[in-house]
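Worksheet for the structure shown next.
The values are calculated or read from the model by the stated rules, or taken from the named source; none is laboratory data. A quick note: this is a predicted structure, and the numbers were derived from the prediction, not measured. Glycine gets a Cβ as well: all are built from the backbone with ideal geometry, and neighbour counts include every protein chain shown.
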Number of protein chains: 2
Amino acid sequence: MTVNTPHDVHGAVQPAATDARTARAALTRLMEPSDLPGMALVRAAGPVEALALIRSAASSSATMEREMTAILAASGVPRWPGLADALTRWRPRLADLAPERDLAMIHRLGGGLVIPEDAAWPAALADLELAEPLALWMRGTTPVIPGQQRCIAVVGSRDSTSYGANVTGEMAAGLVQRGFTVVSGGAYGIDAQAHRGALSAAQAGVVPTIAVMAGGLDRYYPSGNEDLLRTIAAGGVMVAEVPPGTNPTRYRFLQRNRLIAAFCAVTVVVEARWRSGSLSTAHHADALSRSVGAVPGSVYSANSAGCHRLLREGSAVCVTDAADVAELAGAPGTNVTAEVEGPPAVHDGLSVEDLLLLDALPLRSATTVEKLCTVAGLGAVAVLAGLGRLELLGLAQRSNGAWKRAD
Amino acid sequence: MTVNTPHDVHGAVQPAATDARTARAALTRLMEPSDLPGMALVRAAGPVEALALIRSAASSSATMEREMTAILAASGVPRWPGLADALTRWRPRLADLAPERDLAMIHRLGGGLVIPEDAAWPAALADLELAEPLALWMRGTTPVIPGQQRCIAVVGSRDSTSYGANVTGEMAAGLVQRGFTVVSGGAYGIDAQAHRGALSAAQAGVVPTIAVMAGGLDRYYPSGNEDLLRTIAAGGVMVAEVPPGTNPTRYRFLQRNRLIAAFCAVTVVVEARWRSGSLSTAHHADALSRSVGAVPGSVYSANSAGCHRLLREGSAVCVTDAADVAELAGAPGTNVTAEVEGPPAVHDGLSVEDLLLLDALPLRSATTVEKLCTVAGLGAVAVLAGLGRLELLGLAQRSNGAWKRAD
C-alpha cells in the first residue's frame, strides 16, 4: 500500500477505489464506531492515507502525531484532542487487520462493503457529522438502504408483552404495505416482531426490513433469532459498521442505535421500560431532528413506562398504528382523523338555539310551540324556524300542530 | 321589587344582598347557562335592576330594548347583538319565576345559593369572562369550592372499561391523599369512579370531591348514581348553575363541562372515545389556559382513542398516576422521575473508555492487559487506569496479574 501525500489523497481515491474500500474495511476493524479523532483523521487525509499514517505511527508515534495534527490543521480541523491517546488505542489492533479476508468473507455471504465514495451511500448518514460510519458492511439480495423518507425504525423492549408484539406486528406490516421499510435491531421482542411483521407484508419493489446489527454479519446474534436473521439476509438487508467476526458489545449496541435513528425519518418506540436501550435510539433520533413516535399502553405495564415517559417529556408523538406513523413521516394522503372518525352524530353542526330546541322536544307526547319557548328558553320566532330545520333533518315531527322528537 | 336607576345599582347591592341573591336565583331560571346578552345585561345593570328591566320589557319590549342598550353602552359594552331576540327568549319564562321557592328548596336540602357578591365565590370563574355563571346552587356539609390550585377534574367515558375504572379510582384516591379535591360530573363510568375513589380517601380538612351537575340539585341524576350522589351531598359538594327542578339537557351538559374545567387547575381525561363529551371538558380547560392530562391505554381500546387523540394533537400531557397529575398541577415536592426511577445500572456514569473496557473484560478466564488493549481498542495507559476504576467499583477483579469481570 502506498502512502499518498496529503495533497493528492482525494484525487487518488477515484482511480484507487479498491484501495479506498480496502482501507475503510481495515479502518472499521481498527476504530470503534464514533471514534471521533479517527473519523476526523479519515475525513482530513482520506482513508488510504489515514491508514498508512496510523501504520507508520506504530513505530514513531511522536513524529506521526505531529504529522497528523498538521494534516488535520490543513483541512481546517483544529488540533484534535486525544490524538496521542487514539494512536495508543489503535496500535494494539494493527496486527489483526486483514481487510482482504474480511471483504472476501462478506462477499462469500452474498454481501459487500458500501463506502461513502459509493453512489449507494445513504445520504441520511451525513447528519451524523463526524460520527458518520467509516463504511457499512451489508448483506441482502439487494443490499441497498432506501432513502430516509422511506425508512421507519420500529424498536422496543426485548422482553415485550403480547400487547407490544401485536401492535408491532400490525404496525410493521401496515408500514410495508404503505411502501415503507421497517428498520430495527434484530433483537428479541419488539425488534424481532417488527422484522417479522414487515416480512409478512413483503411486496415487489420495497425492501421490507433492515436489521442493523451491533456485531459482525457473519454470525446471527442473538442465536434464538437465527432463522429470522437468515430470512432477513435473504429477503431484506442486514447492515453493520463493524467487520465480520466482531462481537456485539454494550458500547457497540449503543452506537448501533444511532445508526438506526440516522437511517430513518421516524423512530417508533413500541414498548420500553423506564430505562431502556430503545430510549437511546429515540434520543438519537431526536438529536438528529428526526421524528419520534411512542405507542401508548397500560399505565400498569412496566413495558410501557418508557413510552409514557417519552410522551410526557414531549420527546415523542403518540402513535397508535401504521397510519399515525405514516402521517408522522409526512406521507401524503394519510389522514388519521379521516380514518378513525366515526359517522357524525345527528346533532353535529346544529346551532346552539336548535340544540336547545332539540333538547326541549319531548320524546313521546307532542307539545305546543308556546311550551317549547318556555322549556327551551327561546322566542317563538326561533322555535318556529328551528322546528322547520329540525323537521328537515328528520329530528322533529309534528302532529295536529304539536311537536315531538322524530321516532 | 323596586327598579333602581342604573347609576345606583352597584351601591344598592350591599344593603340589598338578599335582593341580589333573590334576583340571581330568579335569573338562573330565566337564562340558560352562557346566555351572553343576559350575562352582559346583569354585569352592566346589576342583578336586581336587570331582572326588573326584563320584567318591564314583557309589556313594552321596544322601549325596554332601547333602555337596556343604553345601560350596556353606559357600562362600556357596545350594542349587544341579539338583545331583542334575548327578550323574546326570556319572556315566556317570566311567569315561572319563583326564586323564594327555589331558595327555600335548596335550604331544605341543606345547601344554599352562592353569588358573585359573596366572599366564597370561586375566583377561578372570572376566567370564564362573560360566560361566568350568574350564581352557584350548592349542596354539601361545607358547600365551598376550594381554590383552583387545589381542584383537579377527573372525567371520562360513561361506558368505561375495568382498566379505566381502576386507573381512575387509584388516581382520585391518590389526589385526595395529596390534599386535592377531585371534581367530576356525577355521571356513570369514569365520573362515578373518580368520586368514589376520592371519597374512599377522604380526610379531615380536604373537600374530597365535587359533583358539578347539569340539572337541578333536588334530584339525583342519573338515578343509578343516587346512592353515590347522596354520599357526595353529605361528604363532599354538589354544585349546579341551574336552579332546583331543572332538567339536565344536552346543552346544559355541554355548558356544565366548562364549569368543571374552570374550577380546576388540571383536567384529566382517563378514558374517552374518539368523539366524547369529556373531550369538550378538555377543550374548555385548554381554552382557559388550564393544564390537560390524558391517561394512555391500549391502542386496541376504543375507550382510549380520545385520550390518544388529545396526546397526539399535543392538547394534553401524558399522565399515568396521581403523582404525574400533582406535578402537572405544580404541586411542590412531587417529582415523578424520582418516584418511578429504579436503581441505577452499575455501568451508569462510566466513561466511554471504561465502558469499552468493561465490555472487553471476559466473564470467566482472566486475560492480560495487552489482550484487553486489542479487544477494547484502548491504549495500555487507558486500560490500566480503567481497570483500577472498575476494580474500585467492584466490576473487575484480578488474579495473578490477569483480569476478568468481577463475579
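Yes/no per residue for (1) of a type in the set (V, I, T); (2) buried (at least 24 other Cβ atoms within 10 Å of the Cβ); (3) within 14 Å of another protein chain (Cβ to nearest Cβ):
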site: A:E117; (1), (2), (3): no, no, no
site: A:D127; (1), (2), (3): no, no, no
site: A:Q148; (1), (2), (3): no, no, no
site: A:Y163; (1), (2), (3): no, no, yes
site: A:N166; (1), (2), (3): no, no, yes
site: A:V183; (1), (2), (3): yes, yes, no
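Would you confirm, using the coordinates I've provided, whether A:S298 is surrounded by fewer than 21 Cβ atoms within 10 Å (Cβ to Cβ), polar (S, T, N, Q) and part of a loop (DSSP other than H, G, I, E, B)? Working first, answer last.
On the way: surrounded by fewer than 21 Cβ atoms within 10 Å (Cβ to Cβ): no; polar (S, T, N, Q): yes; part of a loop (DSSP other than H, G, I, E, B): yes.
So A:S298 does not fit the description; no.
Any idea which residue in the stretch A:320-329 is nearest to the other protein chains (Cβ to nearest Cβ), counting only those that are assigned to a helix (DSSP H, G or I) and closer than 14 Å to B:V299 by Cβ?
So the residue we want is A:D324.
Within the stretch A:12-31, which residues are at pLDDT 90 or above and of a type outside the set (D, E, K, R)?
Taking the stretch A:12-31 first, the residues at pLDDT 90 or above are A:19-31.
Those that are at pLDDT 90 or above and of a type outside the set (D, E, K, R): A:A20, A:T22, A:A23, A:A25, A:A26, A:L27, A:T28, A:L30, A:M31.
Residue-wise test of (1) under 26 Å from B:T168 (Cα atoms); (2) modelled with pLDDT under 90; (3) among the β-branched types (V, I, T); (4) in contact with a strand residue (DSSP E or B) (Cβ under 8 Å, 6 or more places away or on another chain).
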site: A:P296; (1), (2), (3), (4): yes, no, no, yes
site: A:S301; (1), (2), (3), (4): yes, no, no, no
site: A:A305; (1), (2), (3), (4): yes, no, no, no
site: A:R312; (1), (2), (3), (4): yes, no, no, yes
site: A:A316; (1), (2), (3), (4): yes, no, no, yes
site: A:V325; (1), (2), (3), (4): no, no, yes, yes
site: A:R364; (1), (2), (3), (4): no, yes, no, yes
site: A:A385; (1), (2), (3), (4): no, yes, no, no
site: A:G401; (1), (2), (3), (4): no, yes, no, no
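Please verify whether B:S160 is of a type in the set (S, T, Y) and under 21 Å from the mean Cα position of the chain (by Cα), treating the condition exactly as stated.
On the way: of a type in the set (S, T, Y): yes; under 21 Å from the mean Cα position of the chain (by Cα): yes.
Considered against the rule, which asks whether it is of a type in the set (S, T, Y) and under 21 Å from the mean Cα position of the chain (by Cα), B:S160 comes out as yes.
Quick one: count up the residues across the stretch B:310-319 that are within 7 Å of chain A (Cβ to nearest Cβ) and either hydrophobic (A, V, I, L, M, F, W, C) or touching a residue at least 40 places away in the same chain (Cβ under 8 Å) (or both). First the steps, then the outcome.
Residues of the stretch B:310-319 that are within 7 Å of chain A (Cβ to nearest Cβ), as a first pass: B:311-312, B:317-318.
Among the residues that remain, those that are also either hydrophobic (A, V, I, L, M, F, W, C) or touching a residue at least 40 places away in the same chain (Cβ under 8 Å) (or both) are: B:311, B:317-318.
Of the residues in that region, 3 qualify.
Among the residues of the stretch B:128-139, count how many are in contact with a helix residue (DSSP H, G or I) (Cβ under 6 Å, 6 or more places away or on another chain), over 15 Å from B:V237 (Cβ atoms) and not in a loop (DSSP other than H, G, I, E, B).
Residues in the stretch B:128-139 being in contact with a helix residue (DSSP H, G or I) (Cβ under 6 Å, 6 or more places away or on another chain), over 15 Å from B:V237 (Cβ atoms) and not in a loop (DSSP other than H, G, I, E, B): 2 in total.
Between a residue in the stretch A:293-309 that is more than 19 Å from A:H283 (Cβ to Cβ) and facing chain B (nearest Cβ under 9 Å) and any residue that is surrounded by fewer than 24 Cβ atoms within 10 Å (Cβ to Cβ) and charged (D, E, K, R), which pairs come within a Cβ distance under 7 Å, given they are 6 or more apart or on different chains?
A:V299/B:D321
Could you name every one of the helices (runs of 4 or more DSSP H) located completely within the stretch A:32-99 that has at least 2 residues being of a type outside the set (G, A, S) and at pLDDT below 75? I'd like the intermediate steps shown before the answer.
Details: elements: A:36-45, A:47-57, A:61-74, A:83-90.
Counting at least 2 such residues, we get A:61-74.
Filter the stretch B:199-228 for residues that are in contact (Cβ under 8 Å) with a residue 40 or more places away in the chain and in a helix (DSSP H, G or I) and give the result.
The answer is B:L228, and nothing else.
Take the stretch B:274-292 and flag every residue that is under 19 Å from B:A261 (Cα atoms) and either of a type in the set (S, T, N, Q) or facing chain A (nearest Cβ under 9 Å) (or both).
Residues of the stretch B:274-292 that are under 19 Å from B:A261 (Cα atoms), as a first pass: B:275-292.
Scanning the stretch B:274-292 gives B:R275, B:S276, B:S278, B:S280, B:T281, B:S289, B:S291.
Which of (1) surrounded by fewer than 21 Cβ atoms within 10 Å (Cβ to Cβ); (2) touching a residue at least 40 places away in the same chain (Cβ under 8 Å); (3) within 14 Å of chain B (Cβ to nearest Cβ) is the odd one out, the single condition A:A234 does not satisfy?
(3)
I'd like the residue in the stretch B:375-407 that is more than 14 Å from chain A (Cβ to nearest Cβ) and part of a strand (DSSP E or B) and, out of all such residues, is farthest from A:D85 (Cα to Cα). Spell out how you get there, then give the answer.
To start, the set of residues in the stretch B:375-407 that are more than 14 Å from chain A (Cβ to nearest Cβ) comprises B:387-389, B:391-394, B:396-404, B:406-407.
Next, only the ones that are part of a strand (DSSP E or B) stay: B:396-399, B:402-404.
Details: B:A396: 22, B:Q397: 25, B:R398: 24, B:S399: 27, B:A402: 23, B:W403: 22, B:K404: 24 Å.
Checking each candidate, the answer is B:S399.
Look at the stretch A:168-198 and say how many of its residues are among the hydrophobic types (A, V, I, L, M, F, W, C), in contact (Cβ under 8 Å) with a residue 60 or more places away in the chain and not in a helix (DSSP H, G or I).
Residues flagged as among the hydrophobic types (A, V, I, L, M, F, W, C), in contact (Cβ under 8 Å) with a residue 60 or more places away in the chain and not in a helix (DSSP H, G or I) within the stretch A:168-198 amount to 2.
Could you give me the residue pairs with C-beta distances under 9 Å whose first residue belongs to the stretch B:83-109 and is more than 10 Å from chain A (Cβ to nearest Cβ), whose second residue is part of a helix (DSSP H, G or I) and β-branched (V, I, T) wherever it lies, and which are 6+ apart or on separate chains?
Taking only residues 6 or more apart or on different chains, the pairs are B:L83/B:T69; B:P99/B:T22; B:P99/B:T28; B:E100/B:T22; B:D102/B:T28; B:L103/B:T22.
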